[in-house]
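Here, each number is a calculation from the coordinates, and none is a lab measurement. Just so it is clear, the structure is predicted and the values come from calculations on it, not from any experiment. Cβ placement follows ideal geometry from the backbone for every residue including glycine, while neighbour counts extend to all protein chains displayed.
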Amino acid sequence: MNGAENYYRATAPGVHHAPLAGRQHARVCIVGAGFAGLATAMSLMEHGERDVVLLEAERIGHGASGRNGGFVFGGYSLDEEALLAAVGAEQGRRLYQLTLGAVDQIRRRIGQYGIECDATHGGIYLANWFDDPRVLDAREKFMREQLGVEWQRVSPADFAQRARSERYFGALYEENAFHFHPLKYAQGLGRALAAGGVRVHEQSRVRAIEADSGGGWRVASADGEVHCEEVVVCCGGYIERLYPALAGAILPIATYVMVTEPLQDRLPQALDSKAAVYDTRFAFDYYRPLPDTRLLWGGRISIRSRGPEEVASLLYQDMLKVYPQLAGTQVEYAWSGLMSYGRHKMPQLGRLPNGVWYGMGFGGHGVGPTSLAGDVLSAGLMGELSKVAQFSAWGLPSTGGPAGLLAAQLTYWYYELRDWMRQ
């Protein structure tokens with residue numbers, strides 16, 4: 001197996017941004033250069049606010065933003081039925097439509113800023129793992145009648161031909177969705193920000209966020225500090241103990257990804273489509289073809305990260321359940337990473353009573369919502385609070401620390417058992 005950290009990093013070394021050094025002043029300081037932090041800075045810049053400093057502890061896209069499955073589609077980690085049940089049909093539809101707008105916004109930024117990120121506009125399939133057509137019937141009807149979204153129904157025979165697998169029982173096709181190289185996209189946003197006048201600093205781990213005597217904030221790293229009017233924390237699963245009031249409201253949950261060797265003419269024998277695929281289980285497989293004829297495969301949920309060899313072994317076996325014709329394929333990259341989940345599975349966007357802004361909790365379905373978060377937070381920073389208020393119903397409930405992590409693992413095992421019994 002390749003010794004590189006992961007496939008994305010191996011194929012997108014990126015440019016380096018200098019660490020923070022000395023004393024700087026800014027109107028806004030954003031902590032965390034994952035998708036949420038980058039999108040917040042982008043939205044501020046696009047609205048004319050360039051007096052912004054963006055700090056990243058490692059490198060741009062270090063966390064989940066730079067190592068995820070690369071699926072760009074609508075929705076949140078909280079499923080749509082639960083979303084509408086929580087806030088009502090009208091507000092739920094409005095919140096869902098915002099994520100579709102975020103997909104369009106990502107497309108626009110890719111084009112506007114010339115970001116080469118292997119964007120593949122081939123749609124995404126939701127494949128039915130269960131021999132029960134009612135699973136797709138209910139999903140298709142709900143999306144059409146409650147959200148006004150038409151997903152194309154694909155019969156079991158047609159999908160078996162496209163997916164080159166007999167494992168599934170039909171699918172729904174989301175044409176507006178696409179997939180891409182997430183790290184290249186994150187790096188492209190970073191380059192666009194720097195070119196636009198935003199100060200971007202990598203290798204600048206924040207050690208303290210504290211109120212200063214002038215009524216603003218002091219954000220300090222080992223070698224520098226930023227004095228700012230507003231501070232935004234977008235750290236997700238890697239927040240650790242930076243800001244306990246926020247860290248206690250998320251669960252850092254691990255997921256796993258692998259990438260095969262180049263398959264050349266074997267790829268269309270296994271997946272004869274440019275689309276990405278995920279399935280109808282609670283802990284589903286997700287996979288997509290890459291431009292260099294590799295197959296990226298992800299799945300599973302756990303409270304702990306695993307090493308590359310173990311990840312590769314687990315996901316290779318999962319792949320063979322769907323594509324036995326790929327037996328003997330070499331796995332060249334495998335990795336795990338931490339996602340951040342709120343207890344309610346919705347993005348956590350808002351402002352603490354002391355004035356610290358935050359954007360986190362995008363685990364499992366974060367590419368679109370993180371872009372949306374940038375618009376929400378930037379609007380709040382510019383005095384328009386109505387967009388932030390749309391997410392106030394969820395807040396920052398405590399996840400319960402280690403006990404919460406154990407509960408999350410037990411929940412995963414329960415749903416995994418339920419899916420196993422159902423099939």
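List of remarks:
- Taking 394, 357 and counting other C-beta atoms within 10 Å, the order from fewest to most: 394, 357
- Helices in the chain, meaning DSSP H runs of at least 4 residues, each add -39500 (n - 2.57). Divided by all residues, the mean residue ellipticity at 222 nm is -11000 deg cm²/dmol.
- Dipole moment magnitude, nearest 20 debye, the chain about Cα centre, only Lys, Arg, Asp, Glu C-beta charged: 280 debye
- Taking other C-beta atoms within 10 angstrom as a stand-in for reagent exposure, 141, 387 fall in the order 141, 387, fewest first.
- Length available on full extension from residue 144 to residue 211: 0.36 nm per residue minus the Cα-Cα distance, which gives 19.3 nm.
- Considering only beta bridges that DSSP places wholly inside the stretch 7-411, some 65 percent are antiparallel.
- Taking Cα centre as origin and charging only the Cβ of basic (Lys, Arg, +1) and acidic (Asp, Glu, -1) residues, the dipole magnitude of the stretch 167-247 rounds to 320 debye.
- Lysine pairs in the chain with Cα atoms under 24 Å, if 8 or more residues apart or on separate chains: 4
- Dipole axis of the stretch 7-411 (+1 Lys, Arg; -1 Asp, Glu on Cβ), positive-most option in 271, 100, 42: 42
- Whole-Hz ³J(HN,Hα) from phi, Karplus 6.51 cos²θ - 1.76 cosθ + 1.60, for the stretch 375-383, glycine and proline x: 5, 5, 5, 5, 4, x, 5, 9, x
- Contact order normalised by residue count of the chain, Cα under 8 Å, 6+ apart, percent: 24 percent
- Across the stretch 334-403, C-alpha contacts under 8 Å between residues 6 or more apart give a mean separation that, scaled by the residue count, equals a relative contact order of 34 percent.
- Choice from 202, 210, 229 with maximal GNM fluctuation in the chain (Cα, 10 Å cutoff): 210
- If R0 is 41 Å, the Cβ-Cβ spacing of residue 5 and residue 245 corresponds to a FRET efficiency of close to 0.85.
- Label corresponding to P(r) over Cα pairs in 20 Å bins from 0, in percent when calculated from the structure given, among [x] 20, 36, 23, 13, 6, 1, 0; [y] 24, 51, 23, 2; [z] 27, 59, 14, 0: [z]
- Pairwise centroid distance, computed over Cα atoms, of the stretch 333-392 with the stretch 108-134, Å: 22 Å
- FRET efficiency estimate (nearest 0.05) - Cβ-Cβ, residue 161 to residue 112, R0 30 angstrom: 0.20
- Across the stretch 133-138, rounded Karplus estimates of 3J(HN,Hα) from the backbone phi angles (6.51 cos²θ - 1.76 cosθ + 1.60, θ = phi - 60°) give x, 5, 4, 6, 4, 5 Hz, Gly and Pro being marked x.
- Farthest towards the positive end of the charge dipole of the chain, among the residues 313, 336, 258, is the Cα of 336, using unit charges on the Cβ of Lys, Arg, Asp and Glu.
- The chain: most fluctuating residue of 359, 122, 148 per GNM, C-alpha cutoff 10 Å: 148
- Each of 139, 294, 153 was scored by other Cβ atoms within 10 Å of its Cβ. Arranged with the fewest first, they read 153, 139, 294.
- For the stretch 186-205 and the stretch 42-91, distance of Cα centres in Å: 17 Å
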